[in-house]
Amino acid sequence: MNPIQRIVNKFQLIVLDGAMATELERHGHDLNDSLWSAKILYEHPDSIKRVHQDYFEAGADCAITASYQATVEGYVQRGLSENEALKLIQSSVQIALQARDEFWADVTATASQQHRPKPLVAASVGPYGAFLADGSEYRGDYKLSEEQLMEFHRPRMKALIEAGADILACETIPCLVEAKAIARLLKEFPGTYAWISFSAKDEQHISNGESVAACAKWLNEHEQVAAVGINCTLPKFIPSLIHEIHSHTDKPVVVYPNLGEEYDPVTKTWQGHTCTETFGQSARQWYEAGARMIGGCCRTQPQDIKEIVAWSREINEDKL
């Protein structure tokens, strides 16, 4: 069964986790590297597990793995064999599953479990542009066909699925052609579900300028796409984007924006200001606008997830 639908049948809201890479940086790791957080998979896997644990303890109902920028091509360029690369990609799921299972075993006998689902492990599938590490995941201008994108994504998706992920998180997708490639690939893996979330440039358009409404309408016809939404986007654009998506699909809407700053892929720095409202206050507005899966992307921390959990537990209790 669709793992997201199984949860939303019982709970009003699924709380996702927050940032992985910027949390690793906050813990002292240098991610100024073309592999980004993917290099920590083989350098300091325990640090990744710790971040997952922090988010579960904050109340997250879903952990997104550290595989966003982990690709066979990227690891092979660093001297790993293809087999070693695939095992490393799979380790991202295994680390998250271990963190989830240990956490859930600890809370099983407590009252805190009663008003939250057993957390999901969502295997991150970043866009082709993330592998390029040139900021093109925010432009979508890499000019590849659906077939070429399918060839790129197939080995990693297969590895993540075989590692036991509950669902795929195909995230920061900048163009509809890449979403179409992923939706077509899912058919090669019956029984596997994914959410597809786009990066957006304004209130109505994804990063390459296509209408988010058109993307939602196209994806609505694909059963294995379990949710549609937006991530790694400025919070001020989110309410309008939720409305656009919600008007063109009956699938759950997923949103996990960044904290309000903009990323400069040249200097690899964050610029601008964070949102003036607390993340938790903004998230409640996104829920009221129609989002049913909410978390945080770059620069968000466990405290931001706690703020969402603080009001979301009341909503879930009402449904129970």
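The values are calculated or read from the model by the stated rules, or taken from the named source; none is laboratory data. As the structure is a prediction and not an experimental result, all values here were calculated from the model. As a convention, Cβ positions derive from the backbone with ideal geometry for all residues, glycine included, and neighbour counts pool all protein chains shown. In case anyone asks, the SASA skips ligands and DNA or RNA and just uses the protein heavy atoms, side chains included. Shrake-Rupley method; radii C 1.70, N 1.55, O 1.52, S 1.80 Å.
Of the set (1) outside any helix (DSSP H, G or I); (2) in contact (Cβ under 8 Å) with a residue 40 or more places away in the chain, all apply to G191 but (2). From the list V76, V72, the one residue that fits, being within 26 Å of N32 (Cα to Cα), modelled with pLDDT under 95, surrounded by fewer than 23 Cβ atoms within 10 Å (Cβ to Cβ) and in contact with a Leu (Cβ under 7 Å, 6 or more places away or on another chain), is V72. For the structure I just gave you, tell me whether R184 is over 18 Å from V72 (Cα atoms), open to solvent by 20 Å² or more (accessible area, probe 1.4 Å) and at pLDDT 95 or above. Here the answer is yes, as R184 does meet what is asked. Exactly one residue among F152, F131, F189, F103 is crowded, with 23+ Cβ neighbours inside 10 Å and aromatic (F, W, Y), and that residue is F131.
Listed by position, the helices (runs of 4 or more DSSP H) inside segment 1-71 whose residues that are in contact (Cβ under 8 Å) with a residue 40 or more places away in the chain number at least 3 are 3-8, 21-26, 45-58. T192 meets the stated requirement of being among the hydroxyl-bearing types (S, T, Y), more than 18 Å from G74 (Cβ to Cβ) and out of contact with any Phe, Trp or Tyr (no Cβ under 7 Å at 6 or more places or on another chain).
For the structure I just gave you, tell me whether Y287 is modelled with pLDDT of 95 or more, over 26 Å from L31 (Cβ atoms) and surrounded by 19 or more Cβ atoms within 10 Å (Cβ to Cβ). Answer is yes for this residue. Only a single item in (1) within 23 Å of I7 (Cβ to Cβ); (2) out of contact with any helix residue (DSSP H, G or I) (no Cβ under 6 Å at 6 or more places or on another chain) is not met by I95, and it is number (2).
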